[in-house]
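The values are calculated or read from the model by the stated rules, or taken from the named source; none is laboratory data. Source: prediction; values computed, not measured. Here the Cβ positions follow ideal geometry from the backbone for every residue, glycine too, while neighbour counts run over all protein chains shown. For the accessible areas, the whole protein counts, side chains as well, though only heavy atoms, and no ligand, DNA or RNA atoms are used. Shrake-Rupley method; radii C 1.70, N 1.55, O 1.52, S 1.80 Å.
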Amino acid sequence: MSKELFEAMAQSIIDGEEEDAVELAQQAIEQGVDPLDAINQGFVVGLDEVGAQFGCGEMFLPDLVLAAESMKAAMSVLEPELTKRGAARQVLGTVVIGTVEGDIHDIGKTLVATMLSASGFKVYDLGVDVSLQTFVDKASEVEANLIGLSALLTTTMVKQKTLIESLEEAGLRSKVKVMVGGAPVTRSWAEEIGADGYSEDAIGAVSVAKGLVGAQR
Ligand code: B12
């Protein structure tokens, strides 16, 4: 049952059919499907397929845009559900998160932010194309325990490294932990740039964040 639903979800993203995506997301909630399963086993599968076809020249930018819009429409239905499921917890820590400058991909970053928030973190989501100074200033202003940096392009990953250097220069490196992620980001990159944490997905991000602030996993 869910398998067919997940396949239809993936297809709605591949076809860029926003209305179908919304309807399928609503169906998932009505049928009691875990919203995170709907995201990861349904919609993201379609987005990955679109990304792969774009990468080898079989789909083009308008296809990518339509797929992303459909994905965001589905997320707008599923995210409140994710938040509801994790509501009313003690505050585990404060996180400032955003997509680094030069990069406007926000679907994965927003999912990580939602999951952190649903798991009990106070989250300041700075959005996309965020300047390094904005991260540093906000982290300082809200006395963040953690900064989360998302980068989806090989050309913008390097900003994660620069941010860590900026924190060092500002004398803040010992006060705030840095967690990095995004499709091209790997554990070895995270280690190379001196990040404190890395995760390849949103569930992992929550457990890494808990570990970094010393909360129970
Ligand atoms: C959707 C999409 C777009 C949409 C973005 C819409 C939006 N609002 O986000 C649009 C159409 C705008 C777009 C634009 C571009 N894109 Co694009 N895009 C994608 C696509 C298909 C999916 C990305 C996505 O949302 N995935 C789903 C989410 C859930 O996954 P995720 O982002 O990886 O996030 C997960 C993890 O990485 C992790 N994570 C993410 N952030 C963080 C942060 C922390 C702290 C942690 C711990 C974890 C974590 O957890 C998340 C949840 O599980 C990818 C291909 C792909 N499969 O990745 C290409 C892709 C990233 N794009 C690509 C390119 C080239 C571009 C453009 C340059 C195209 C162009 N010629 O203009 C522009 C760049 C614009 C810019 N300056 O940023 C390339 C990048 C190639 C490279 N090596 O750098 C890719 C890989 C496609 C490809 N195969 O060529 N894109």
Conditions (1) more than 11 Å from the ligand (Cβ to nearest atom); (2) buried (at least 18 other Cβ atoms within 10 Å of the Cβ); (3) more than 21 Å from residue 113 (Cβ to Cβ); (4) of a type outside the set (A, V, I, L, M): number failed by residue 30: (2)
Residue in the range 77-92 that is among the polar types (S, T, N, Q) and surrounded by 15 or more Cβ atoms within 10 Å (Cβ to Cβ) present: no
Some residue of the range 172-182 being part of a loop (DSSP other than H, G, I, E, B), without any contact (Cβ under 8 Å) to a residue 40 or more places away in the chain, more than 15 Å from the ligand (Cβ to nearest atom) and open to solvent by less than 50 Å² (accessible area, probe 1.4 Å): yes
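Could you identify the single residue in 116, 163, 149, 153 that is open to solvent by less than 20 Å² (accessible area, probe 1.4 Å), closer than 28 Å to residue 71 by Cβ, within 15 Å of the ligand (Cβ to nearest atom) and outside any helix (DSSP H, G or I)?
On the way: 116 fails: outside any helix (DSSP H, G or I); 163 fails: outside any helix (DSSP H, G or I); 153 fails: open to solvent by less than 20 Å² (accessible area, probe 1.4 Å).
Answer to the check: 149.
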Residues satisfying the stated conditions in the range 45-73, i.e. modelled with pLDDT of 90 or more, within 16 Å of residue 106 (Cα to Cα) and small (Gly, Ala, Ser): 67, 70, 73
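Among the candidates 137, 201, single out the residue that is open to solvent by 20 Å² or more (accessible area, probe 1.4 Å) and under 30 Å from residue 38 (Cα atoms).
Values: 137 fails: under 30 Å from residue 38 (Cα atoms).
Testing whether each residue is open to solvent by 20 Å² or more (accessible area, probe 1.4 Å) and under 30 Å from residue 38 (Cα atoms) leaves just 201.
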